[in-house]
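Quick notes on the structure that follows.
The values are calculated or read from the model by the stated rules, or taken from the named source; none is laboratory data. These figures come from a predicted structure and were not determined experimentally. Positions of Cβ are backbone-derived with ideal geometry, glycine not excepted, and every protein chain shown enters the neighbour counts.
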Amino acid sequence: MAAQTVASTTESTVDLGPATALSCRECGHRVPLGPVFACEECFGPLEIAYDFSAYDTEELRKTIEAGPANIWRYAPLLPVPADVATKPNINPGWTKLVKADNLARELGVTGGLYVKDDSGNPTHSFKDRVVAQAVEAARAFGYTTLSCSSTGNLAGAVGAAAARAGFRSCVFIPHDLEQGKIVMAAIYGGELVGIEGNYDDVNRFCSELIGDPAGEGWGFVNVNLRPYYAEGSKTLAYEICEQLGWRIPDQLVIPIASGSQLTKIDKGLQELIKLGLVEDRPYKIFGAQAEGCSPVSVAYKEGHDVVRPQKPNTIAKSLAIGNPADGPYVLDIARRTGGAVEDVNDEQVVDAIKLLARTEGIFAETAGGVTVGVTKKLIENGLIDPAKTVVVLNTGDGLKTLDAVAGTGLTATIRPNLESFREAGLA
Ligand SMILES: Cc1ncc(COP(=O)(O)O)c(C=O)c1O
Ligand SMILES: [Zn+2]
């Protein structure tokens with residue numbers, strides 16, 4: 001079956017494949033597809049509504065399996081035109097699902113432990129997935145400048161995608177990010193602006209810029225294009241299930257900054273169930289934060305439905321969002337699926353980065369240290385069942401956060417002769 005467009009022209013006129021409208025997550029109010037993100041009735045977040053009714057399950061499965069080795073194999077389930085694979089794009093996705101047997105032995109997992117290693121994306125984080133969707137929406141709405149507020153990885157993903165797809169880019173980050181993140185964001189030739197403040201200040205500034213003539217004609221991937229952007233995270237759910245032989249794992253451990261990725265992975269799993277591509281079986285979603293920025297974890301443990309903002313102070317800078325937009329939805333999902341939200345301190349983050357590297361040869365950024373550290377903690381406190389399948393996300397590359405493991409280096413420095421080698425105790 002060819003990827004097809006089932007857009008209802010009575011609702012929307014742009015061609016974004018099976019996407020038909022924007023629908024409010026809170027009250028269900030629908031508006032045509034456009035660069036808007038908040039409901040005009042209740043200010044709730046807008047999400048993409050689809051028409052998947054024309055799909056036959058087995059034909060869809062065949063289409064996906066015959067598709068390219070990137071996220072566009074799932075184009076029939078995304079807000080993109082059917083011919084998206086032919087457009088200039090950095091084509092992220094189809095990253096490795098690593099069976100982590102050595103780590104499983106260390107952690108006592110017997111039911112199968114996997115690391116979904118998204119450091120393998122073009123700009124070395126999962127953000128390439130979400131930006132790829134936003135680029136298609138930006139094209140459809142006629143934007144020529146791409147922008148974002150970022151904790152680092154998103155800025156690099158926007159820079160690269162804009163360079164390849166022919167957009168101008170101007171992105172905003174907290175001025176004091178890791179050098180690896182700054183270079184990765186600047187190298188693609190767009191404008192990179194450091195803001196004196198934390199991510200929440202950057203985000204507030206971007207919201208002001210959108211309402212100002214200076215920001216007119218700009219597509220902010222995670223603000224006015226957020227409904228499209230967010231859908232990119234569903235591809236993580238699709239890939240994990242397909243790579244497991246079209247099966248939902250029992251337990252998933254997912255990092256939380258704004259909480260968007262976690263909520264969309266849940267949405268992706270629900271879609272696969274509804275489409276009949278996987279068996280409808282229970283799964284548990286666990287959210288992972290750093291103790292120095294743990295507003296969702298604190299709300300979870302205190303039994304609250306709302307998230308109280310925090311001022312971040314952690315080495316896990318990519319996850320340092322003190323006022324997470326999707327926090328309440330993360331709480332819903334963790335509770336509905338029987339999962340949990342947990343946090344680890346910076347020392348545990350570093351230990352977990354080293355543990356993953358030492359056991360599996362995967363060098364994670366601090367966000368990966370958070371998920372591996374939280375997985376260990378949840379096994380120890382009995383919330384993750386080690387006899388069942390666990391999938392842990394590594395969403396970024398350790399080369400971007402080298403400072404976190406400063407001090408890791410040479411075992412010895414020797415003269416170029418055997419005597420010196422023996423003296424160093426290496427023989
Ligand atoms: C490496 C990494 N992992 C996870 C996240 C969390 O993303 P979200 O805001 O969707 O929760 C981010 C966000 O910047 C990130 O950079
Ligand atoms: Zn609403």
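May I ask you to list the residues in segment 268-280 that are farther than 13 Å from ILE64 by Cβ and either acidic (Asp, Glu) or in contact with an Asp or Glu (Cβ under 8 Å, 6 or more places away or on another chain) (or both)?
ILE273, GLU279, ASP280
Looking only at segment 326-350, count how many residues are out of contact with any helix residue (DSSP H, G or I) (no Cβ under 7 Å at 6 or more places or on another chain) and either of a type in the set (Phe, Trp, Tyr) or farther than 14 Å from ARG25 by Cα (or both). Spell out how you get there, then give the answer.
Initially, segment 326-350 is screened for residues out of contact with any helix residue (DSSP H, G or I) (no Cβ under 7 Å at 6 or more places or on another chain), giving 328, 332, 335-339, 345-347.
Then keep just the ones that are either of a type in the set (Phe, Trp, Tyr) or farther than 14 Å from ARG25 by Cα (or both); that gives 335-339, 345-347.
Final tally of qualifying residues: 8.
Which count do you get for residues in segment 84-105 that are closer than 14 Å to LEU16 by Cβ and at pLDDT 95 or above?
So the answer is 1.
Please go through segment 21-39 and pick out each residue that is touching a helix residue (DSSP H, G or I) at 6+ places or on another chain (Cβ under 7 Å) and either in a strand (DSSP E or B) or near ligand 2 (Cβ under 9 Å from one of its atoms) (or both).
Within segment 21-39, just LEU22 meets the criteria.
Considering only segment 373-393, I want to know if a residue exists there that is under 22 Å from LYS127 (Cα atoms) and either free of Cβ contacts under 8 Å to residues at least 12 places away in the same chain or touching a His at 6+ places or on another chain (Cβ under 8 Å) (or both).
No, because not a single residue in segment 373-393 is under 22 Å from LYS127 (Cα atoms) and either free of Cβ contacts under 8 Å to residues at least 12 places away in the same chain or touching a His at 6+ places or on another chain (Cβ under 8 Å) (or both).
How about segment 177-217: which of its residues are farther than 22 Å from CYS293 by Cα and in a loop (DSSP other than H, G, I, E, B)?
ILE187, TYR188, GLY189, GLY190, GLY211, ASP212, GLU216, GLY217
For segment 151-173, what are the residues that are in contact (Cβ under 8 Å) with a residue 60 or more places away in the chain and more than 23 Å from LYS87 (Cβ to Cβ)?
Residues satisfying the conditions are THR151, GLY152.
With the condition kept exactly as written, say whether any residue in segment 361-368 is without any contact (Cβ under 8 Å) to a residue 40 or more places away in the chain and among the acidic types (Asp, Glu).
no
Test each condition in (1) under 13 Å from VAL223 (Cα atoms); (2) outside any helix (DSSP H, G or I); (3) more than 16 Å from ligand 1 (Cβ to nearest atom) for TYR143 and report the one that comes out false.
For TYR143, the exception is condition (1).
Assess whether VAL14 counts as being in a loop (DSSP other than H, G, I, E, B), away from ligand 2 (no atom under 16 Å from the Cβ), touching a Leu at 6+ places or on another chain (Cβ under 7 Å) and not hydroxyl-bearing (Ser, Thr, Tyr).
yes
If I go through segment 40-92 residue by residue, how many of them are part of a loop (DSSP other than H, G, I, E, B) and within 16 Å of ligand 2 (Cβ to nearest atom)? Please lay out each step first, then the result.
At the first step, the residues of segment 40-92 found to be part of a loop (DSSP other than H, G, I, E, B) are 40-44, 51-56, 66-70, 78-83, 87-92.
Next cut, within 16 Å of ligand 2 (Cβ to nearest atom) only: 40-44.
Counting residues in segment 40-92 that are part of a loop (DSSP other than H, G, I, E, B) and within 16 Å of ligand 2 (Cβ to nearest atom) gives 5.
Collect the residues in segment 218-270 that are within 27 Å of ARG61 (Cβ to Cβ), among the hydrophobic types (A, V, I, L, M, F, W, C) and in a loop (DSSP other than H, G, I, E, B), keeping them in residue-number order.
LEU244, TRP246, ILE248
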